[in-house]
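Notes follow the structure.
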Amino acid sequence: MNMQIAIELPNDFMAMHTTQEVKQEIRLSYALRLYKAAAVTLAKGAGLAGLDVYDFMQCCKKEEIPVIDVTKEELEDELASMLN
């Protein structure tokens, strides 16, 4: 089941964008915010945004939201253990 939310936007703003563009931007912004706060997984965020995971990852990159949350040291340790 889906929930609908109504918001009011100035008419001059809506003259610059289609309703579909505004809906998509709001969904994407909300999904990115939830993902950044670790409230949803990457896949759930992508679904909420109406994107596939790869495209959502690209949006995360554009907004400088880390997709892989490991430190450099953790990654180096993991790579070193793979080589041993």
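When you go through 23, 36, 72, 62 one by one, which is the residue that is within 9 Å of the chain's Cα centre (by Cα) and of a type outside the set (Ser, Thr, Tyr)? First the steps, then the outcome.
Numbers: 23 fails: within 9 Å of the chain's Cα centre (by Cα); 72 fails: within 9 Å of the chain's Cα centre (by Cα); 62 fails: within 9 Å of the chain's Cα centre (by Cα).
Going through 23, 36, 72, 62 in turn, the sole match is 36.
Cβ separations smaller than 6 Å between residues 6+ apart or across chains give no pair from the stretch 67-84 residues that are in contact (Cβ under 8 Å) with a residue 12 or more places away in the chain to residues that are surrounded by 10 or more Cβ atoms within 10 Å (Cβ to Cβ) and of a type in the set (D, E, K, R). Among residues of the stretch 1-13 that are open to solvent by less than 100 Å² (accessible area, probe 1.4 Å), those with a Cβ under 9 angstrom from a residue that is of a type in the set (A, V, I, L, M), sequence gap 6+ or separate chain, pair up as 9/22; 13/22. Considering (1) of a type in the set (D, E, K, R); (2) surrounded by 10 or more Cβ atoms within 10 Å (Cβ to Cβ); (3) free of Cβ contacts under 8 Å to residues at least 24 places away in the same chain, say which one residue 63 fails and leave the rest. For residue 63, the exception is condition (3). Look at the stretch 15-35: where a residue is within 17 Å of residue 2 (Cα to Cα) and a partner is of a type in the set (A, V, I, L, M) and open to solvent by less than 100 Å² (accessible area, probe 1.4 Å), sitting 6+ places away or on another chain with Cβ atoms under 7 Å, you get 27/48; 27/49; 28/49; 30/48; 31/48; 31/49. Entry remark, the stretch 66-84: residues being exposed (fewer than 11 other Cβ atoms within 10 Å of the Cβ) and in a loop (DSSP other than H, G, I, E, B) number 5 in total. State yes or no: is residue 35 out of contact with any helix residue (DSSP H, G or I) (no Cβ under 8 Å at 6 or more places or on another chain), assigned to a helix (DSSP H, G or I) and of a type in the set (Phe, Trp, Tyr)? No: the conditions fail for residue 35.
The values are calculated or read from the model by the stated rules, or taken from the named source; none is laboratory data. Just so it is clear, the structure is predicted and the values come from calculations on it, not from any experiment. With ideal geometry, Cβ positions are generated from the backbone for all residues, glycine too; neighbour counts draw on all protein chains shown. These accessible areas exclude ligands, DNA and RNA; they are computed on the full protein's heavy atoms, side chains included. Shrake-Rupley method; radii C 1.70, N 1.55, O 1.52, S 1.80 Å.
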